[in-house]
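Working notes for the structure below.
The values are calculated or read from the model by the stated rules, or taken from the named source; none is laboratory data. Note that the coordinates shown come from a computational prediction; the quantities given were computed from them, not determined experimentally. Remember, those area values only see protein heavy atoms, side chains included, never the ligands or the DNA or RNA. Shrake-Rupley method; radii C 1.70, N 1.55, O 1.52, S 1.80 Å.
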Amino acid sequence: MASAPLDSRRQLGAELRILRRRSRYSGLELAARLGVGQATVSRMETGQVRPSLEVIERWLNLTGADQTIRDRARKLADDAQLDVVGWRAVYRRGPARRQRQSIAYDPLATRIRWFQPFMVPGPFQPLAYARALMLGMRIDDVDVWDLELAIEVRAERKRLIFEEGTPLDVIATQTGLRALPAGLPATVLREAWSAMLDANELPNVTVRIVPDDAPMRQAIMCGWVMYDLADEAKDPQAVQVETPGALLTFTGQDVAPYETAWARMAASALNPRKSSDLLRALLREND
């Protein structure tokens, strides 16, 4: 579906292009002053990317924008920080494309934080577990070939996260770790818990678990993945949230509530060593 944030990006891009031309900057000249590439300036002007609010402010200063234009550009920039894509549109394009959209952030990330309260977190899901979840989320028939391709893409994502050494912080809940998709044997959960236990020994991975009896400092409403990004010309941070009706992407100031929620969930979670002890206890209980 077409989203209001996309319209805001296009309107903002038009405003920025007018300001650049009035100031008699070429795209190359303005890019040099902003400290970004010429292609980035072009994509900003055509609404293809969500530039950070810091870059917008530098653009406004360099082009001498008056207060009226500044206020309008700031509002458009703020409105453009959220992307909403309905699940019907996501699955009409196929689950494989959905997986590729997620992977697009991974190479740019300097840190990934993954909060998952209701199931095994994605990087530790066995393929059978991931397949069952994708089938359970479909809204109409999914092409089997495309589904299997999506599984392959997800497996590749897991491999890249662990092999590239990107810092990965995971917070899960004890309740969510027991969630088993219908039709799967309990051995699938043991496989997932073992993968989490092994990953917690890696230098770039931290796994923390919120036990069932932990005092809660944050209402749990959904899971999310938070990215610290290397390319500040676009967004210094981004958060992806999957809801029953849509895939949401937050950037800019809208990331702040997720920082707060992350800190609160971390305060309720066990440290990595005790989390590993809990995983071993789960494995013993289900031996």
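Any chance you could run the full-extension gain for Asp277 through Arg72? It's 0.36 nm times the residue separation minus the Cα-Cα distance, nm to one decimal. List each step's numbers first, then the result.
Details: separation 205, 0.36 × 205 = 73.80 nm, distance 5.37 nm.
That works out to 68.4 nm of additional length.
Please report the carbon-and-sulfur percent of the accessible area for the stretch 141-287; probe 1.4 Å, protein heavy atoms only, DNA, RNA and ligands left out. Could the numbers behind the result be given before it?
On the way: 3820 of 7280 Å².
Ligands and nucleic acids excluded, carbon and sulfur give 52 percent.
Excluding ligands, DNA and RNA, what is the solvent-accessible area per residue of the stretch 163-285 at a probe of 1.4 Å, expressed in Å²? Could the numbers behind the result be given before it?
On the way: 5750 Å² over 123 residues.
Per residue, the stretch 163-285 has an accessible area of 47 Å².
When ligands, DNA and RNA are left out and all protein chains stay put, how many square angstrom of accessible area per residue does the stretch 12-71 have with a 1.4 Å probe?
Working: 3060 Å² over 60 residues.
That works out to 51 Å² per residue.
Rounded to the nearest angstrom and ordered from largest down, what semi-axes does the equivalent ellipsoid of the stretch 23-62 get from its C-alpha gyration tensor (root of 5λ)?
Numbers: eigenvalues 39, 31, 15 Å².
With the √(5λ) rule applied to the stretch 23-62, the semi-axes are 14, 12, 9 Å.
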